[in-house]
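Worksheet: one structure, shown below.
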Amino acid sequence: MKEELFVSGRNIPNIDPYLHVWHWQIPLYLFLGGLAAGILFFASYYVVTDKEKQMPYTVKWAPIIAPFALVLGLGALFLDLKHQLYFWRLYTTVRITSPMSWGAWTLMLITPMSFIWVASYMKEMFPNWDWKFEILNKFEAWIIKVRVPFAWIMMALSIILGVYTGILLSAFNARPLWNTSILGPLFLTSGLSTGLATIIWISKDKNERKLLSRIDLILILVELFLIIHLFMGFLASSAVQTEAAALFLGGEFTVTFWVFVVILGLAFPATLEALELRGYHVPAWVPPFLILFGGLVFRFVMVEAGQITRFLY
Amino acid sequence: MKTRRDFIKISAAGTGAAAIGLHSLKLRGFSLLGDENEQTPASDEEMTPYPTYCEVCFWKCAGWTYVDKKGNIRKVIGNENDPHCNGRLCPRGTGGIGMYYDEDRLKHPLIRETKPDGTQYFRKASWDEALDVIAEKMDKLRKEHGPECLALFSHGTGGKLVSHLVKAYGSPNISAPSFAQCRGPREVGFTATFGEDVMSPERTDIRDTKCLVLIGSHIGENMHNGQIQEMSAALENGATIITVDPRFSTAASHSKYWLPIKPATDMALLLAWMHVIIYENLYDKEYVEKYTFGFDELKEHVKNKTPEWAYGLTTIEPEIIRRTAREMAAASPRVLVHPGRHVTWYGDDTQRSRAIAILNALLGSWGRRGGFYNPESVHVPNYPHPPYPKPKRSWKDAYPPGKYKLVSEVLSTGICDATIPNPDLDCHLRGWIVYGTNLMASLPDQKKTIAAINNLDFLVVIDTMPMDITGYADVVLPECTYLERYDFLRTSPHREPVIALRMPAAKPKYDSKPNWWITKQLANRLGLQDYFQWENIEELLDWQLKKIGSSLDEMKRVGVKKYPREYDDLYNLENLEDFEFNTNTGKIELYSTELEMEGFDPLPNYTRHPEPPEGYYRLNYGRAPMHTFSRTSNNHNLWDLMNENSVWVNPKVADLWEIKNGQYVWLKNQDGIVSSFPIKVRVTERIRWDSVYMVHGFGHTDKKLRRAYGRGASDSELVSKVYLDPVMGGTGMRSNFVTFLKEKPGNNREEVES
Amino acid sequence: MRYAMAIDTAKCVGCGDCVVACQTENNVPHGYCRDWIVETVSGSYPNVQIELRSERCNHCDNAPCVRCCPTGASHIVEGGIVMVTHNECIGCGACIESCPYDARYSHPEGYVDKCTFCKHRVDKGQNPACVDVCPTHCLHFGDLDDPNSDVSKALKNRNWKVLAPEAGTKPQLYFLI
Ligand SMILES: Nc1nc2c(c(=O)[nH]1)N[C@H]1C(S)=C(S)[C@@H](COP(=O)(O)OP(=O)(O)OC[C@H]3O[C@@H](n4cnc5c(=O)[nH]c(N)nc54)[C@H](O)[C@@H]3O)O[C@H]1N2
Ligand SMILES: Nc1nc2c(c(=O)[nH]1)N[C@H]1C(S)=C(S)[C@@H](COP(=O)(O)OP(=O)(O)OC[C@H]3O[C@@H](n4cnc5c(=O)[nH]c(N)nc54)[C@H](O)[C@@H]3O)O[C@H]1N2
Ligand code: SF4
Ligand code: SF4
Ligand code: SF4
Ligand code: SF4
Ligand code: SF4
Ligand SMILES: [Mo]
């Protein structure tokens, strides 16, 4: 029998017996960040590719959600900080090696940009809108003029944001479950997919939805492929990673992950979307709802399970 | 006046407001902006060190109490010049500040009162009131029954002054659980052999030994500082360690040989070792010839005690018995068969200690480097006082004449016997003072202790904490901790004579007082002021120190002072110097004439001890390195390291009972006694399948110990069967057997809350 | 200069003195600790072995906790000691997540804390508190670049291992076996 125990009764809150430093705030933050990244990516992409007209909901309406998601996400992040009065320290330095740092800076840039983006469409969306102050009107005019370069920047930032939500975890070698380069693309894809789902949910334009559903289907397939890849990688890897994978293959996260994330969150909405594309009638909110829900659960599961996995020594 | 002494939980009186929850109200990070200093380590240069010696156990390591500029005690660090600790305290000594800071400490004197409806409670009292009550009771006792009807239990440094008071009062009944529950058999067994005892700190030269044999002595868990340090040094120097223990102790894990002996069969192993050493001609011939008496009788006695014979009893393979015997002999005389300390195991413990002593004699290790050295202490004169009155009776009157003649100290259990009235006794003990010992946890057979207490006219407890025993007291006096007081100088023997000073590093917290003040006050009230002719203890200490060429001022600066040895005889038999032993024959008595005269076996014999009945397991207990008995279990610093004990169970046994690691169970012993609290199971390969193991000192029943209450289980309450040592009255406590209860049993405790 | 510690598992008795000494020296709040003891038991009765290890921050040469810190509160100073500046730390927990040894904890005041190798003592030429208190002398501290340092001497003639080398952190606690 092999036995390992702390002789000195170590029992530090949130660290023993299992690490549980990050609670609901971080997965929520990652979810909202990914979602906003997805929305902003597609909004800017269709501006850059000059498809603004065909994609009105993608470009104008859906982005309204982005600033709220970002602010909410930042709020969650702030709540998670244990030394909140020193929050400003994030913005006195740039740490290239710290995803948390460039994530914070990306958010610092993309959050105001998302506001500006929405503001610049206010008059198009609500014809009676008036900014009251001349300076604001002037600013708006200028933004509209530089919208294409603005969109390029925002597109780049949204990709960084999306990747960041995955890299944040995968940068932690110490947690075998997160210690894989697939997590970055996986979170990016999932973020884009949840963003798309939101747009699809909002969109009232049939053609727009059709196009987006097609993209979403591809994204989901990519996601499923990455997940399979993830587990194949784990199983072919070191003992600690095999053990990490075991949490999902018979372990305590098996049902949550395979039922809620993979089946209900990916496979089932993908099937529905495919059916819809073939002309079957599916209630419009169902696939996006499932995708969003699956995406949220996915992040909770990854953050929780990842903290349980550790190096054995 | 006989009251049924209900157990009172000290509660109504003296609850400090709990500072819980305040922390969470603070804005996170805010206090840092204000006051950074609290969080950072104070630099030693900014603090004032006060000399002390540790009172968390009886090793008494000298150290320095560091006090910061705000007057907070920050840490206690060992004194570099002290041979007890060499600058390093053990975890309990380092965590000693937890005793000072404990919010659950006794805070005011308490007096037991009875409400009209008969319920009893403690009333907070002033010192004057409490001391008056005690003095009045002591005076009445003295007048009506004679001063010999008082008994004192005292353990620890402060007890010396209380003893002085009790001797001045006229009673010889001064006892501690450190004899009949601890060292007694060893001291009697070694004295019968060498004419001298082992002493404390033990005169074992572990530092220089080449072969250390530990028989159930679990150094490393038994954290007596000097011994653990020297054992580590010996390991470093390549010494061989042979550990005989039914449990895989920490010491066993660091040993070259571990002999997983069947419990209670050590005597067979010891006899077989003697057999091999004698019949393979491995003993120290010159030494044995020159110094010992009765070798031929011994040789004849162990003739049949072959390793093969012992194998059947001990389960230790004959080949291993031979190999280890040869290993000892090869190191001889720098070999040390350790006498152990807590040796009251099976009732034949004096004889087992004798066997250990004899083995050492055969190996020529007594008085030799790497064996037993010859310790010396500084003789500090007593402050002048009139001679003590001569007592007319003693606790021994409770026994037939001649019984316990070889007992060198007062038996704690003897005091209990002498307190319970019996027809052959014209007067039983009627008053107890209990200083610094938690009798409920340290005496076996709690029923008997409680029966004795119920026969008392009064019980005074002087303690620092609301320990179990305080609940039975009529008056509770809160002493301040060792960090807040002066005490007598430490003069324990060592390689070099040495003294150490303890002085306060802070004012006594709450309304607590030092023992010297308490005893002097009582003496004044009892008309014994002639025995306390000093104004305060500083005057007494300074007087004593000046007599030995030092002063209080000097000692305050250095803390520890060494004196040269009177003779250069640390290893007084190293070169076969002439020596007369303090025994009947003047020799090392392998064959004990003294025991023979008293009607006991002159040579140790193997006796068979009871074995657990079906479904029961032998209850084995011991120490955890981070706790001292029951006294530290509420100490926050040490509680952090270990906050409950667990019961060690072999995986096979666990499988049989379908008990899982970490599961809580209740233990029930052979007499049907069930532990008050459940205890966590540790399933481990480190324990045999015929016994279970737990650390002594947990399972406190008083809620006033907010941290320790209900944590773990108490071995003491399960030790109800005692095997008395016929030679010296030691209480063999290791033949109790327990079984597991997986469900909560019915509540079997009666308690009165106030 | 490269400070490191060697822990002699053949001598450690798991007493926890190093833990209490750290607590009192560094004002570690109750319920938390900067060092701790692990016991591993292998084999089966009566062929049992145990290993006792006094563990703490490994002051990794390749410290992920420093890399992932967004504010620079976690940083490396002279001699390779990994430190946390309390009033730069925002308490984001990233460094806690990044440490394979669970060596860091979140102080009740909010910032992250851990072993400092007792820099305040080492700077004055003293040993860390845990090293100086250990009754078995099983902790050795010093500069690896100095062949005469206590730690270099301890490592010279003994076999040693580090914990979780596969995590790639290049830990600087050496366990003598
Ligand atoms: N079941 C069982 N019984 C045992 C043992 C065992 O292992 N198992 N061990 C035996 C042994 S070896 C021994 S030596 C005895 C020890 O037995 P005790 O000496 O009774 O040991 P403790 O439990 O430490 O009790 C010490 C008491 O002194 C108090 N105290 C501490 N410091 C001070 C102080 O400065 N002043 C005053 N006034 N009080 C103080 C503590 O609060 C506590 O109540 O127990 C023996 N009994
Ligand atoms: N940390 C700490 N250290 C202490 C103390 C403390 O309270 N805490 N108390 C001090 C005091 S006063 C004393 S007396 C000493 C006691 O210390 P020791 O004299 O070392 O203690 P024991 O209780 O006799 O020994 C316990 C060991 O005996 C083993 N044992 C049990 N039954 C048998 C048997 O039949 N045969 C053999 N060979 N071994 C057996 C147990 O498995 C256990 O390992 O410790 C001292 N040191
Ligand atoms: S051995 Fe430990 S508890 Fe005992 S006196 Fe020394 S430091 Fe104090
Ligand atoms: S103080 Fe020394 S012996 Fe005790 S646990 Fe720490 S490292 Fe081990
Ligand atoms: S042990 Fe952990 S906290 Fe210490 S340097 Fe290495 S990664 Fe950082
Ligand atoms: S918790 Fe503090 S030290 Fe750790 S990474 Fe965050 S800011 Fe840096
Ligand atoms: S080096 Fe200092 S801070 Fe680190 S564990 Fe030891 S005592 Fe604590
Ligand atoms: Mo003892």
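Thinking of region C:2-45 as a set of Cα atoms, what percent of all their pairs are more than 11 Å apart? Show your work: numbers first, answer last.
Values: 697 of 946 pairs.
For region C:2-45, the share of Cα pairs beyond 11 Å comes to 74 percent.
Based solely on its DSSP helices, what 222 nm [θ] is calculated for the protein assembly as shown when runs of n ≥ 4 H residues each add -39,500 (n - 2.57) and the sum is averaged over all residues, nearest 500 deg cm²/dmol? Show your work: numbers first, answer last.
Details: 42 runs with 439 residues, N = 1244.
Calculated mean residue ellipticity at 222 nm is -10500 deg cm²/dmol.
From the C-alpha gyration tensor of region C:3-176, pull out the three semi-axes of the equivalent ellipsoid (sqrt of 5λ each), sorted largest to smallest, in whole Å. Each step should come with its number before you reach the end.
Values: eigenvalues 132, 69, 55 Å².
Three semi-axes, in Å: 26, 19, 17.
Leaving out ligands, DNA and RNA, calculate the buried accessible area for the pair B and C with a 1.4 Å probe, summed over both sides, in Å² to the nearest 100. Let's see the in-between values first.
Details: alone 29530 and 8860 Å², together 34440 Å².
When B and C are taken together, about 4000 Å² of accessible area is lost.
Against the 2.2 N^0.38 Å scaling, with N counting residues, where does the protein assembly as shown land? I'd like the Cα-based Rg ratio to two decimal places. Let's see the in-between values first.
Working: Rg = 36.4 Å, N = 1244, 2.2 N^0.38 = 33.0 Å.
Expressed relative to 2.2 N^0.38 Å, the Cα Rg reads 1.10.
Angle, helix C:17-26 long axis vs. longest principal axis of chain C, Cα atoms, 0 to 90°, nearest 10?
On a 0 to 90 degree scale, this one is about 20.
Would you mind checking which residues have amide H under 5 Å from B:Phe698's amide H? H placed 1.01 Å from N; only 5 or more apart, or other chain.
B:Asp715
How far is it, in nm, from the label point at B:Ser377 to the one at B:Arg565 when both lie 7 Å from their Cα along the line to the Cβ?
Result for the modelled spin labels: 1.8 nm.
Counting only protein heavy atoms, what percent of the accessible surface of chain B is carbon or sulfur at a 1.4 Å probe? Before the final figure, lay out the partial values.
On the way: 13450 of 27160 Å².
After summing per-atom areas, the C and S share lands at 50 percent.
Full extension from A:His20 to A:Trp131: what is 0.36 nm times the residue separation minus their Cα-Cα distance, to one decimal in nm? List each step's numbers first, then the result.
Working: separation 111, 0.36 × 111 = 39.96 nm, distance 4.65 nm.
Difference between extended and current length: 35.3 nm.
Can you give me the convex hull volume of the Cα atoms of region A:25-308, divided per residue and expressed in Å³?
Taking only Cα atoms, region A:25-308 has a hull volume of 138 Å³ per residue.
Averaged over B:232-243, how many beta carbons belonging to a partner chain fall within 10 Å of each residue's beta carbon? Mind dumping the intermediate values first?
Numbers: counts 10, 3, 0, 5, 6, 0, 0, 0, 0, 0, 0, 0.
Shielding by partners across B:232-243 averages 2.
Using each residue's phi in region A:268-285, evaluate 6.51 cos²θ - 1.76 cosθ + 1.60 at θ = phi - 60° and report the 3J(HN,Hα) Karplus result to the nearest Hz, with x for Gly and Pro.
Karplus-based 3J(HN,Hα) across region A:268-285 equals 5, x, 4, 4, 4, 4, 4, 4, 4, 4, 7, x, 5, 8, 10, x, 4, 7 Hz.
Tell me, Kirkwood radius of region A:1-57 from alpha-carbon pair distances, in Å?
On the way: mean 1/r = 0.0640 Å⁻¹.
Computed over region A:1-57, the radius equals 15.6 Å.
For each pair in B:Lys70/C:Lys119; B:Lys396/B:Lys704; B:Lys143/B:Lys507; B:Lys115/B:Lys742; B:Lys652/C:Lys161; A:Lys2/B:Lys262, compute the distance between the two Cα atoms and list the pairs where it is over 28 Å.
Working: B:Lys70/C:Lys119 23 Å; B:Lys396/B:Lys704 37 Å; B:Lys143/B:Lys507 38 Å; B:Lys115/B:Lys742 40 Å; B:Lys652/C:Lys161 33 Å; A:Lys2/B:Lys262 24 Å.
Pairs exceeding the cut-off: B:Lys396/B:Lys704; B:Lys143/B:Lys507; B:Lys115/B:Lys742; B:Lys652/C:Lys161.
Could you give the size of the charge dipole of chain A about its Cα centre, using +1 on the Cβ of each K and R and -1 on the Cβ of each D and E, expressed in debye and rounded to the nearest 20? Intermediate values should be presented prior to the final figure.
Details: 22 positive and 19 negative charges, 122 e Å.
The dipole of chain A has a size of about 580 debye.
Counting only other residues whose beta carbon sits under 14 Å from that of B:Val719, what net charge do I get with K and R as +1, D and E as -1? List each step's numbers first, then the result.
On the way: positive: B:Lys447, B:Lys448, B:Arg618, B:Lys668, B:Lys721, B:Arg734; negative: B:Asp445, B:Asp671, B:Asp715, B:Glu717.
Result for the local shell: +2.
Using a loss threshold of 50 Å², tell me which positions in region B:66-105 are less accessible in the complex than in their chain alone. Probe radius 1.4 Å, ligands and nucleic acids ignored.
B:Lys75, B:Arg88, B:Thr94
What is the calculated FRET efficiency for C:Lys156 to A:Val94, with r their C-beta to C-beta distance and R₀ = 45 Å, to the nearest 0.05? Mind showing how you got there, number by number?
On the way: r = 43 Å, r/R0 = 0.96.
The pair C:Lys156/A:Val94 has a calculated efficiency of 0.55.
For region B:668-735 and region B:336-384, write down the distance between their C-alpha centroids in whole Å.
After rounding, the separation between the Cα centres reads 28 Å.
Please state, as a whole number in µm²/s, the translational diffusion coefficient that the Stokes-Einstein equation yields for chain B at 4 °C and 1.567 mPa s, with Rh defined as the Kirkwood radius across alpha carbon pairs. Mind dumping the intermediate values first?
Details: Rh = 27.2 Å.
So the translational diffusion coefficient is about 48 µm²/s.
Which three extents, in angstrom, do the Cα atoms of region A:201-313 have along their principal axes, listed largest first?
Projected onto the principal axes, the Cα atoms of region A:201-313 cover 57, 21, 18 Å.
Quick one: net charge around B:Arg368, please, counting Lys, Arg +1 and Asp, Glu -1 for every other residue with C-beta under 10 Å from its C-beta.
Details: positive: B:Arg334, B:Arg369; negative: B:Asp205, B:Asp208, B:Asp284, B:Glu574.
Local net charge: -2.
For helix B:159-169, what angle does its Cα long axis make with the longest principal axis of chain B, in degrees from 0 to 90 and rounded to 10?
80 degrees
Under a 10 Å cutoff between Cα atoms, tell me which one of A:Gln54, A:Gln25, A:Gln241 has the largest fluctuation in the Gaussian network model of chain A.
With Cα springs under 10 Å in chain A, the top fluctuation among A:Gln54, A:Gln25, A:Gln241 is at A:Gln54.
What is the average number of partner chain Cβ atoms found within 10 Å of a Cβ in C:63-75? Let's see the in-between values first.
Details: counts 0, 5, 2, 3, 7, 11, 6, 15, 14, 7, 4, 2, 0.
The mean count of partner-chain Cβ atoms within 10 Å per residue comes to 6.
If you average the alpha carbon positions of region A:70-84 and of region A:250-313, how far apart do those two centres end up, in angstrom?
When both Cα centres are located, 25 Å separates them.
Any chance you could run the full-extension gain for B:Lys140 through B:Lys547? It's 0.36 nm times the residue separation minus the Cα-Cα distance, nm to one decimal. Intermediate values should be presented prior to the final figure.
Details: separation 407, 0.36 × 407 = 146.52 nm, distance 3.86 nm.
Length gained, B:Lys140 through B:Lys547: 142.7 nm.
Relative to a virtual label point 7 Å from the Cα of B:Glu129 in the Cα→beta-carbon direction, which members of region B:105-120 show backbone nitrogen distances below 15 Å?
Under cut-off, by backbone N: B:107-115.
Once phi is turned into θ = phi - 60°, what whole-Hz ³J(HN,Hα) does the Karplus curve with 6.51, -1.76 and 1.60 give for every residue of region B:320-330, x standing for Gly and Pro?
5, 4, 5, 4, 5, 4, 5, 4, 5, 5, 5
Between A:Phe115 and B:Ser43, take the C-beta separation as r, use R0 = 56 Å, and let me know the FRET efficiency to the nearest 0.05. Show your work: numbers first, answer last.
Values: r = 51 Å, r/R0 = 0.91.
Once the sixth-power term is evaluated, E becomes 0.65.
Which FRET efficiency value, to the nearest 0.05, do you get for A:Lys53 and A:Met122 by plugging their Cβ-Cβ distance into 1/(1 + (r/R0)^6) with R0 = 25 Å? Provide the component values of the computation, followed by the final result.
Values: r = 18 Å, r/R0 = 0.72.
Efficiency for this residue pair is about 0.90.
Quick one: Karplus J couplings for region B:654-667, per residue in order, coefficients 6.51, -1.76, 1.60, θ = phi - 60°, nearest Hz, x for Gly and Pro?
Once rounded to whole Hz, the list reads 4, 4, 4, 8, 6, 9, 9, 4, x, 6, 9, 10, 9, 10.
Angle, helix B:184-194 long axis vs. longest principal axis of chain B, Cα atoms, 0 to 90°, nearest 10?
Rounded to the nearest ten degrees, it is 40.
In 10 Å bins starting at 0, how do the alpha-carbon pair distances of region A:1-103 split up by percent?
Answer for region A:1-103: a P(r) of 13, 28, 26, 19, 9, 4, 2 percent.
Which of the three applies to region B:194-375, rounded, prolate or oblate, going by the alpha-carbon gyration tensor with a ≥ b ≥ c and a/c under 1.5 meaning rounded?
On the way: a/c = 1.43, a/b = 1.14, b/c = 1.26.
Rounded, because the longest to shortest axis ratio a/c is under 1.5.
Under the classification rounded if a/c is under 1.5, otherwise prolate if a/b is larger than b/c and oblate if not, where does region B:631-736 fall, given a ≥ b ≥ c as square roots of the Cα gyration tensor eigenvalues? Let's see the in-between values first.
Working: a/c = 1.77, a/b = 1.06, b/c = 1.67.
Oblate shape, in that a/c is at least 1.5 and b/c is the bigger or equal ratio.
Using a cut-off of 11 Å between beta-carbons, work out the net charge of the residues near B:Ile687 (Lys and Arg +1, Asp and Glu -1, B:Ile687 not included).
Working: positive: B:Arg247, B:Arg618, B:Lys652, B:Arg682, B:Arg686, B:Arg688; negative: B:Asp245, B:Glu685, B:Asp690.
The answer is +3.
Using a 1.4 Å probe over the heavy atoms of the protein chains, calculate the carbon and sulfur portion of the accessible area of region C:3-176 as a whole percent. It would help to have the intermediate numbers written out before the result.
On the way: 2300 of 4810 Å².
Carbon and sulfur atoms account for 48 percent of the accessible area of region C:3-176.
What are the lysines whose alpha-carbon lies under 18 Å from the alpha-carbon of A:Lys132, with same-chain residues fewer than 8 places away excluded?
A:Lys123
Using the 2.2 N^0.38 Å rule of thumb for compact globular proteins, work out how region B:588-682 stacks up: its C-alpha Rg over that value, please.
Details: Rg = 20.0 Å, N = 95, 2.2 N^0.38 = 12.4 Å.
So region B:588-682 has a normalised radius of gyration of 1.61.
Provide Rg over Rh for region A:128-181; use the alpha carbon set for both Rg and the Kirkwood Rh (inverse mean inverse pair distance). Show your work: numbers first, answer last.
Details: Rg = 19.4 Å, Rh = 14.3 Å.
With Rg and the Kirkwood Rh in hand, the quotient comes to 1.36.
So, for region B:212-334, what is the accessible surface per residue at a probe of 1.4 Å, expressed in square angstrom? List each step's numbers first, then the result.
Details: 4030 Å² over 123 residues.
Spelled out: the 1.4 Å probe surface of region B:212-334, per residue, equals 33 Å².
The values are calculated or read from the model by the stated rules, or taken from the named source; none is laboratory data. Predicted model, so just to flag it, every value in this text is computed and none were measured. Counting neighbours? That spans all protein chains shown, and the Cβs are built from the backbone with ideal geometry, glycine included. Surface areas here come from the heavy atoms of the whole protein model, side chains and all, with no ligands, DNA or RNA. Shrake-Rupley method; radii C 1.70, N 1.55, O 1.52, S 1.80 Å.
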